[in-house]
Amino acid sequence: MTPASARMDNPSLITVPVPLGERAYDILVGRGLIDTAGARIAALGARAAAIVTDEHVGPLYAAALTASLEAQGLRVSMITLPPGEATKSYASLERVCDAVLAARIERGDLVVALGGGVIGDLAGFAAAVVRRGVRFVQVPTTLLSQVDSSVGGKTGINSRYGKNLVGAFHQPSLVIADTALLDTLPIRERRAGYAEVVKYGLIDDERFFAWCEANWQGVFAGGPERDEAVAQSCRAKAAVVVRDEHETGDRALLNLGHTFGHALEKLTAYDSRRLVHGEGVAIGLSQAFRFSAFLGLCPPADAERVEVHLNAVGLPTRLSQVPGGCGTVDALLDAMAQDKKVKGGALTFILARGIGRSFIAPGIEADQVRTFLTGEISA
Ligand code: NAD
Ligand code: MG
């Protein structure tokens, strides 16, 4: 399907190309795309599609997707898994691989991930390994998965040794981000995904951050601003992925806010009742800017501006806002040292010289982090 004919179907369609050579694909963003997903997926030339979804998303959207695929003559099967991070497991991987094989999905056919990042990571990994690789399509249904996890080809599951430790790079053949699907997403999940949207502005696009400050209400309400925020985030992520597909260099910038965020997730035992990933990232973004200001790298007014915006949308920004507390400075430092490779007592952080001016900072002394955190923990 050409972009022009696709646009006739849906005037609000935005296409974001991911030019990765023979692994190139498009990200389609717009309201109501699920109704025409079948035609777009059929255009990839498959005869069968195995939908992978979860028990929250399946009842809401699987029927529409199935009908749209069947209308194109595709043979459709479906596997529905329990919602939640625990589903990114070896046991679920086995279930998905077996279901895909039982559905007689061949090399030319497709696995379709219909869900948030959990389903996308799991189904993508299953697609990477079944028959040594079948194609897959992402139909992300959370804001986080539309702006982050569905783009870039990182797939995987968790192991007892940590999150995302078993996986593969496997790019999707197409990403269909229907922004209307986010209407049913709980507000807390919307906010969590929004932290990753803000992150793209903070990394290298001050204008996009200013746009977020002016337009966030429309993003939450589901106006055209939501489509624009998703598309702009995908453009930003795609640009980084195209420069550094396998994370050997500046793809690490996407980890802005994540050193602090991951440590907080760990210290709250990955208990989503206390902290979800995006909330950890929101605190982490604010901490990365406050730490940058503490080191004299960034104007304090920029750190303040980051915090004011995150608070305006209802996201936390301080360590003291972690429900149940985040533990001691030593526990935090330990958790951060485990997340990032420590070289001779020094850590690598993503810091900022200002909004939109982030950089990779190796060689940050643990003592500097300790002094900063000692001040923060009571702030
Ligand atoms: P998720 O997939 O667990 O979804 C969050 C919750 O929302 C779930 O309960 C889900 O059932 C529900 N849900 C999903 N869509 C819905 C909808 N439209 N309406 C109502 N409810 C809906 O979480 P997530 O935040 O989307 O993804 C988190 C995962 O993504 C983590 O495992 C993380 O490691 C991974 N991730 C991967 C990458 C990557 O590059 N591959 C990047 C970032 C995060
Ligand atoms: Mg993240």
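FYI, it's all coordinate maths here, none of it is from the lab. Quantities reported herein were computed from a predicted structural model and do not represent experimental measurements. Glycine also receives a Cβ, built like all others from the backbone with ideal geometry; neighbour counts cover every protein chain displayed.
Quick notes
- Net charge contributed by nearby residues that have their C-beta within less than 10 Å of F220 (K/R +1, D/E -1): +2
- Prolate/oblate/rounded label for segment 286-363 (Cα gyration tensor, a/c 1.5): oblate
- Enclosed volume per residue, in Å³, of the convex hull spanned by Cα atoms of segment 6-101: 134
- Cα shape, segment 65-149, gyration tensor, a/c 1.5 rule: oblate
- When the alpha-carbon atoms of the chain are used, the pair Rg, Dmax equals 20.4, 63 angstrom.
- Full-extension gain in nm, S320 to R160, via 0.36 nm per residue minus C-alpha separation: 54.7 nm
- Over the chain: helical MRE at 222 nm, DSSP H runs n ≥ 4 each giving -39500 (n - 2.57), nearest 500: -13500 deg cm²/dmol
- Of all DSSP-defined beta bridges confined to segment 4-184, some 30% are antiparallel rather than parallel.
- Ranked by the mean number of other Cβ atoms within 10 Å of their residues, highest first, the peptides 175-181, 51-57 come out as 175-181, 51-57.
- Segment 4-184: C-alpha gyration tensor shape, a/c 1.5 cut-off, then a/b vs b/c: rounded
- Amide H contacts under 5 Å for G115, placed H, 5+ residues apart: V139, T141
- Fraction of antiparallel bridges per DSSP, the chain only, in percent to nearest 5: 40
- Segment 227-357 - Rg over Rh from alpha carbon coordinates, Kirkwood radius: 0.96
- Net lengthening on full extension, D367/E304 (0.36 nm per residue, minus Cα-Cα): 20.3 nm
- Counting lysine pairs in segment 187-378 that sit 8 or more residues apart in sequence, or on different chains, and whose Cα atoms lie under 23 Å apart gives 8.
- Under 14 Å from K163, Cα to Cα: aspartates and glutamates that are on another chain or at least 8 residues apart: E85, D121, E265, D271, D339
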